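Asks: This is the structure, below, for whatever I ask next.
The values are calculated or read from the model by the stated rules, or taken from the named source; none is laboratory data. Note that the coordinates shown come from a computational prediction; the quantities given were computed from them, not determined experimentally. Surface accessibility is based on the protein's heavy atoms, side chains included, excluding ligands, DNA and RNA. Shrake-Rupley method; radii C 1.70, N 1.55, O 1.52, S 1.80 Å.
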Amino acid sequence: MQCELRQIRAYAPAKAFLTECLRRQDEIVRMINENRMVKASELMEQFGVSMETVRRDLESLEEKGYLTRT
């Protein structure tokens, strides 16, 4: 499940998921802007999420034009 802003009925769990996902993606963009590069393993450790979650976040950010994965 990718996090995207959509008009939804804001059930508490869904709202919390979107808020956390967007916060994490904002932080990833900030880190990339600051360091020019980040490692997926570092993101996994910093945010306490699975590698699959990191990959989904990076894929989403790449699709939106915020980064290029190498």
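Asks: Look through region 47-62, keep the residues that are in a helix (DSSP H, G or I) and not hydrophobic (A, V, I, L, M, F, W, C), and return whichever of them is nearest to Arg24 (Cα to Cα). Let's see the steps before the verdict.
Replies: Step one: list which residues in region 47-62 are in a helix (DSSP H, G or I), which gives 47, 51-62.
Pick out the ones that are also not hydrophobic (A, V, I, L, M, F, W, C) and you get 52-53, 55-57, 59-60, 62.
Numbers: Glu52: 14, Thr53: 10, Arg55: 12, Arg56: 12, Asp57: 8, Glu59: 13, Ser60: 12, Glu62: 14 Å.
Among those that are in a helix (DSSP H, G or I) and not hydrophobic (A, V, I, L, M, F, W, C), it is Asp57.
Asks: Of the residues that sit in region 29-46 and are assigned to a loop (DSSP other than H, G, I, E, B) and not aliphatic (A, V, I, L, M), which one is least open to solvent (accessible area, probe 1.4 Å)?
Replies: Within region 29-46, the match that is least open to solvent (accessible area, probe 1.4 Å) is Lys39.
Asks: Among the numbered criteria (1) of a type outside the set (A, V, I, L, M); (2) at pLDDT 90 or above; (3) part of a helix (DSSP H, G or I), which single criterion is violated by Gly65?
Replies: (3)
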